[in-house]
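Have a look at the structure below before the remarks.
The values are calculated or read from the model by the stated rules, or taken from the named source; none is laboratory data. On a predicted model such as this, the values are computed, not experimentally measured, just so you know. Note that each Cβ is placed from the backbone with ideal geometry, even for glycine, and that neighbours are counted across all protein chains shown. SASA here: full protein model, heavy atoms, side chains in, ligands and nucleic acids out. Shrake-Rupley method; radii C 1.70, N 1.55, O 1.52, S 1.80 Å.
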Number of protein chains: 2
Amino acid sequence: MPTYTPPLKDLDFVLHDVLRVHESDTPGYADLDRDFTGAILDEAGKIARDVLIPLNAVGDKEGCTLENGVVRTPTGFKEAFDVIREGGWTGLGADPEYGGQGMPYILGTAVGEMHVSANLAFNMYPGLTNGAYEAIHAHASDELKAKFLPKMVTCEWTGTMNLTEPHCGTDLGLMRSKAEPAGDGSYKITGQKIFISAGEHDMADNIIHLVLAKIPGGPDGVKGISLFIVPKFLVNEDGALGARNGVACGMLEEKMGIHGNSTCVMNYDEAEGYLVGEEHKGLRAMFTMMNAARLGVGLQGLGQASVAYQNAVEYTRERLQGRDVTGVKNPDGPADPLIVHPDVRRSLMDQKSFIEGARAFILWGSTLLDAGDLAGDKDAEGLVSLMTPVIKGFLTDKGFDMTVQAQQLYGGHGYIEETGASQFVRDARIAMIYEGANGVQALDLVGRKLASDGGKHIMAFFEIVKNFIKDNDGDEALKTDFLTPLKAASKDMQAAAMYFMAEAPKNPNAALSGSSDFMHLFGHVVLGLMWARMAKAAQDALANGASDVAFYETKLATGRYYMARSLPETALRLARITTGADPVMGLAAEAF
Amino acid sequence: MPTYTPPLKDLDFVLHDVLRVHESDTPGYADLDRDFTGAILDEAGKIARDVLIPLNAVGDKEGCTLENGVVRTPTGFKEAFDVIREGGWTGLGADPEYGGQGMPYILGTAVGEMHVSANLAFNMYPGLTNGAYEAIHAHASDELKAKFLPKMVTCEWTGTMNLTEPHCGTDLGLMRSKAEPAGDGSYKITGQKIFISAGEHDMADNIIHLVLAKIPGGPDGVKGISLFIVPKFLVNEDGALGARNGVACGMLEEKMGIHGNSTCVMNYDEAEGYLVGEEHKGLRAMFTMMNAARLGVGLQGLGQASVAYQNAVEYTRERLQGRDVTGVKNPDGPADPLIVHPDVRRSLMDQKSFIEGARAFILWGSTLLDAGDLAGDKDAEGLVSLMTPVIKGFLTDKGFDMTVQAQQLYGGHGYIEETGASQFVRDARIAMIYEGANGVQALDLVGRKLASDGGKHIMAFFEIVKNFIKDNDGDEALKTDFLTPLKAASKDMQAAAMYFMAEAPKNPNAALSGSSDFMHLFGHVVLGLMWARMAKAAQDALANGASDVAFYETKLATGRYYMARSLPETALRLARITTGADPVMGLAAEAF
């Protein structure tokens, strides 16, 4: 049975030694001192460790069931949700006006990492509610907000996001769901939505669906899409629940993983809905919080990698098989533990160095989101917007790979469901797909973000790297192991960006053929930067006489691994990118 | 519902245009002319397309069930097995003395690719029977062979391989199963074996278990292991089935995939067994056919990649989503098909170029196996032995990656089980694990094979590459796109081999830390060589006025993709390898 150990020390290190959040002048950050974040994260970690991970396999095995329109969630999910609700965790970052605690986004990221590590399928219920809350909070009328938000902040009512239709995934312009004005200011919503996570379940009194649909007579394509609130139960003036609305779950999907989450086909039949924001401006409203939502999915990649790694480490320590080629390590036992073998160690280092780098990346991204949202810092917003497809795409691609590596360490025992290694792989797989499949993230990055605001944000990123290298130029220890490889990787990325700038105007396919490679190249450079920053912080801590010497020395050795063995992938990515469109588009579509 | 199209044209191309098997002087190859192989493969392909693939999802969904000691296979499996048996497919490569057709191994490889593509879980039943047949055929007494082989050749009786025990996977020296001499020449086998594929089922009259166990008083460790035949039902002198033997399936494992195959815990309780070969020489006997068995698993990696790719291509042609950035391709439809998008094309090219390269690699490896077995060619045997861990490890690692890439092209539809994309991923996953996990393959390659016979076989491989480049030096078309990248990749591989030779004597961990990287580096160089040979064959065919111009031009374009975009990975692998043991072994085992 898998277990989960909250990475409290590492979160503290990144928040305070590396990002120094308590010194930031972003509003709200002054409260985030070590004691405060430590206390919050300790409590959040206990829930992950004691409440959520024990239910992870239960959710996978039992899944959700649909009977007579009622969806039952796995045993124990409702009780766990009550723990989350009663602890106030659902409103951590929400507006105090609606009952939230108004904490900066970064705290939710740190809490969220632990909760999605321990139980991804479960965490989608409050997670999607939070997404719906954000969209309503940003765009709905005060009346709608007052009516729906307080109960969504507490998760007494949960939320959903309804975009996809059977024929219409990424290309939302193909949408067919209709919203007819009812004459009283409300709309009648009709259509079918698919892949609706948490669309129906038995853990909340009401479910507030956010639905994209077209008002007849509006513009074609995505410009004619509007956003609506469609509650499962209508809400009376006094806040009491009224009649059942015309929305129902028609089917649950059989999926590869996240079985604990109900993935619903939702049928809308003249359901009463309320316009959020302006007519035909629904897409903008739905995607306002896109950076945060995508960062949240990147967090899932990290989270599944992290919990899979932790359990694999335990297995390689306990499983005795073979002997260390350099000399017996466990002379009293029949064999040495798996962890003595270099290729096992190589795999664990891949995982560990990715996970810790990814954690720093996501927390750094969260500080930028907060700086944008809370301090109105446009540069920070532009930078995180640029990096959002990398956070989502790179971290979920790699996160999945890491769960596969973790599973591999179990040998045959990883393939049977009993050990739980397979579930981490199957659950992690979805994060590469939803919230914009990773190919779409790469397209967004290279086709749109890279050149946005005249390339200002990518230049700002290169400046950050350059300045860090320059500022630490005199540090010989840092230079050899961290700054030199970072510089080389950053140069590869610059060369790739230059290639795109030169080629894209002539042939967009030359740039887009290398889009996934660039997303990975960018991801590696960011992780290289994170490792250089972490190494610097670790060195400083050691120089300042930090007591936990082993922690900081481990940090440095882990970083050296990343810089030496993972970061050089940038050269391969650059080589691929500069082959352009010819190899990729060399065949006619009929030739496959 | 997934479909499967037998790659008949491509098999014909590799067998006859590239490998020119009909011109080989390996005994039996003279019969393998185009007409003959074409006729056989056409029939085998029909079974894959019409009988096996329709049952693939059935097997996944229903799985196997155990009730009162009886294992039921999924609906339709027995009828499919009858088709395979009646067609004589189970004895294709078997000794005519025992009812086989005595065909070279390579023909079984080509047939096998199609059958494992269409239904991996099903194909394990005859596949394991063939493995058990081979071990018995090579090592058992004439009496045992006469008693068991004829019915195993026809698969009236199926076979299993029993190695693993709960505490003992790769490290067979830890084995506890015992074989006590019964006094009449037979033995009493007692112990528990796990992960026994096809250990119990309802598709054959008898099951012949090959079981490794220790005869008390023998040497410690692997030197005290003997091999036994343990039939489910004892066989009387007249060949009729006698009493039930003391062996039973105690449990079926819940697995990530290959649900159609019964993965059994087998309990032996003083079961009657017959020694195969000599006492204490069981490991050698069991592993005689190891190269062939591992090549068979490599074939599974290729097969799952191939069928996943085929279905993904269809999906990307049919699914309309978004528009080609260079201009609308489907003006009459609401959107263009997915296949117009460069990142989709990139993924399909990754898959296609891997699959066709892997097919050539495995078929080349099969010619070497045949040359070793049928013509006693020791050099061929040494070379294929060197490459066996690459065939197994590289092709299953990459094969799995390709199924993941194929699944990704479906977006959310790939995550739900309905489309079948998930099953290919889940089924392909096992091939990285069984028959020696890929980390063990890498260890075998770098720790043992590389230096075997004084490094003679790796030198022979480099000679083959060098000679091909030299022989075609004047061909400018081949040179730029194929020979130059092949030369660079081969140089990377030589540098890695030199590094190992220099470092391993001082520090074995320096070599073993790069073992998985070397396995991949080697794999890419072989695929580069295969693509260069295929390109040459395609050019020659075009020059000779071949009618199917599109096929050969597609082949050349696909090869150019591999050389330009996949092969450069060798440089990254070399860079990792030469960082040696320091980054990998930089942390104490306690620091993870």
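When A:LYS193 is tested against (1) among the basic types (Lys, Arg); (2) surrounded by fewer than 23 Cβ atoms within 10 Å (Cβ to Cβ); (3) closer than 30 Å to A:ARG72 by Cβ, just one condition goes unmet, and that condition is (2).
Condition check ((1) surrounded by 24 or more Cβ atoms within 10 Å (Cβ to Cβ); (2) among the charged types (D, E, K, R); (3) modelled with pLDDT of 95 or more) across all residues:
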position	(1), (2), (3)
A:ASP370	yes, yes, yes
A:VAL384	yes, no, yes
A:LYS392	yes, yes, yes
A:ASP401	no, yes, yes
A:HIS413	no, no, yes
A:THR419	no, no, yes
A:VAL425	yes, no, yes
A:ALA431	yes, no, yes
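Do we find that B:ARG317 is among the charged types (D, E, K, R), touching a strand residue (DSSP E or B) at 6+ places or on another chain (Cβ under 8 Å), open to solvent by 20 Å² or more (accessible area, probe 1.4 Å) and within 12 Å of chain A (Cβ to nearest Cβ) in this structure? When the stated conditions are applied, B:ARG317 passes them.
Of everything in the stretch A:11-41 that is under 25 Å from A:GLY372 (Cα atoms) and charged (D, E, K, R), the residue that is most open to solvent (accessible area, probe 1.4 Å) is A:ASP25. Checked against (1) within 13 Å of another protein chain (Cβ to nearest Cβ); (2) open to solvent by 30 Å² or more (accessible area, probe 1.4 Å); (3) within 21 Å of A:LEU483 (Cα to Cα); (4) free of Cβ contacts under 8 Å to residues at least 12 places away in the same chain, A:VAL549 passes all but a single condition, namely (3). The number of residues in the stretch A:552-587 that are outside any helix (DSSP H, G or I), more than 9 Å from every other protein chain (Cβ to nearest Cβ) and closer than 22 Å to A:MET530 by Cβ comes to 1.
Among the residues of the stretch B:24-42, is any of a type in the set (D, E, K, R) and in contact with a Phe, Trp or Tyr (Cβ under 9 Å, 6 or more places away or on another chain)? No, the conditions are met nowhere in the stretch B:24-42.
Within the stretch B:415-450, the residues that satisfy the criterion of being farther than 26 Å from B:ALA504 by Cα, more than 7 Å from every other protein chain (Cβ to nearest Cβ), small (Gly, Ala, Ser) and in a helix (DSSP H, G or I) are B:ALA421, B:ALA428, B:ALA431. Residue pairs whose Cβ atoms lie under 7 Å apart, separated by 6 or more positions or on different chains, with the first residue in the stretch B:306-317 and more than 13 Å from B:GLN423 (Cα to Cα) and part of a helix (DSSP H, G or I) and the second polar (S, T, N, Q) and open to solvent by 10 Å² or more (accessible area, probe 1.4 Å), are B:GLN310/B:THR5. Residue pairs whose Cβ atoms lie under 6 Å apart, sitting 6 or more positions apart in sequence or on different chains, and linking a residue in the stretch A:266-285 that is closer than 16 Å to A:GLY159 by Cα to a partner that is crowded, with 20+ Cβ neighbours inside 10 Å and charged (D, E, K, R), are A:MET266/A:LYS193.
Against the criterion of being part of a helix (DSSP H, G or I), over 15 Å from the mean Cα position of the chain (by Cα), within 21 Å of B:GLY436 (Cα to Cα) and not small (Gly, Ala, Ser), B:LEU383 qualifies. Considering the conditions (1) assigned to a helix (DSSP H, G or I); (2) open to solvent by less than 20 Å² (accessible area, probe 1.4 Å); (3) within 30 Å of A:ARG323 (Cβ to Cβ), B:MET501 is excluded by exactly one of them, (2). When A:CYS249 is tested against the conditions (1) surrounded by 20 or more Cβ atoms within 10 Å (Cβ to Cβ); (2) not in a strand (DSSP E or B), the lone failure is (2).
Entry remark, the stretch A:435-465: residues being open to solvent by less than 60 Å² (accessible area, probe 1.4 Å) and without any contact (Cβ under 8 Å) to a residue 60 or more places away in the chain number 3 in total. Checked against (1) modelled with pLDDT of 95 or more; (2) closer than 23 Å to A:HIS209 by Cβ; (3) open to solvent by less than 20 Å² (accessible area, probe 1.4 Å), A:VAL307 meets all criteria but (2). Filter the stretch B:322-368 down to the residues that are more than 7 Å from every other protein chain (Cβ to nearest Cβ), outside any helix (DSSP H, G or I) and open to solvent by 10 Å² or more (accessible area, probe 1.4 Å) and list them by number. If the condition is that a residue be more than 7 Å from every other protein chain (Cβ to nearest Cβ), outside any helix (DSSP H, G or I) and open to solvent by 10 Å² or more (accessible area, probe 1.4 Å), then B:ARG323, B:ASP324, B:GLY327, B:VAL328, B:LYS329, B:ASN330, B:PRO331, B:ASP332, B:GLY333, B:PRO337, B:HIS341 are the ones that fit.
None of B:ALA358, B:ALA371 is in contact with a helix residue (DSSP H, G or I) (Cβ under 8 Å, 6 or more places away or on another chain) and more than 30 Å from A:ALA589 (Cβ to Cβ) except B:ALA371.
Scanning for something within 14 Å of chain B (Cβ to nearest Cβ), touching an Asp or Glu at 6+ places or on another chain (Cβ under 8 Å) and open to solvent by less than 50 Å² (accessible area, probe 1.4 Å), does the stretch A:112-122 turn up at least one residue? Yes, the stretch A:112-122 contains at least one residue that is within 14 Å of chain B (Cβ to nearest Cβ), touching an Asp or Glu at 6+ places or on another chain (Cβ under 8 Å) and open to solvent by less than 50 Å² (accessible area, probe 1.4 Å). Of everything in the stretch B:192-212 that is part of a strand (DSSP E or B) and touching a Lys or Arg at 6+ places or on another chain (Cβ under 6 Å), the residue that is nearest to B:GLU253 (Cα to Cα) is B:ILE207. The single condition among (1) at pLDDT 95 or above; (2) over 30 Å from A:PHE424 (Cα atoms); (3) among the charged types (D, E, K, R) that B:ASP220 does not meet is (1).
Of the helices (runs of 4 or more DSSP H) that lie entirely inside the stretch A:104-181, those containing 2 or more residues that are within 30 Å of A:ALA421 (Cα to Cα) span A:105-118, A:120-139.
Please work out which residue is farthest from A:VAL21 (Cα to Cα), limiting yourself to the stretch A:89-103 and to residues that are open to solvent by less than 20 Å² (accessible area, probe 1.4 Å) and outside any helix (DSSP H, G or I). Once the filter is applied, the top-ranked residue is A:GLY100.
Among the residues of the stretch A:476-498, at least one is more than 10 Å from chain B (Cβ to nearest Cβ), open to solvent by less than 10 Å² (accessible area, probe 1.4 Å) and either not hydrophobic (A, V, I, L, M, F, W, C) or not in a helix (DSSP H, G or I) (or both). Considering only residues in the stretch B:535-546 that are of a type outside the set (Asp, Glu) and in a helix (DSSP H, G or I), the one that is farthest from the other protein chains (Cβ to nearest Cβ) turns out to be B:ALA543. Look at A:THR558 and say whether it is surrounded by 20 or more Cβ atoms within 10 Å (Cβ to Cβ) and either in contact with an Asp or Glu (Cβ under 7 Å, 6 or more places away or on another chain) or of a type in the set (Val, Ile, Thr) (or both). Judged against the criteria, A:THR558 is a match.
Residues that are assigned to a loop (DSSP other than H, G, I, E, B) and farther than 19 Å from B:LEU302 by Cβ within the stretch B:1-56 comprise B:MET1, B:ARG20, B:SER24, B:ASP25, B:THR26, B:PRO27, B:GLY28, B:LEU32, B:ASP33, listed in sequence order. In the stretch A:87-102, the residues that are under 16 Å from A:ALA39 (Cα atoms) form Cβ pairs under 6 Å with partners that are open to solvent by less than 40 Å² (accessible area, probe 1.4 Å), at six or more places apart or across chains, as follows: A:LEU92/A:GLY108; A:GLN101/A:GLY91; A:GLN101/A:LEU92.
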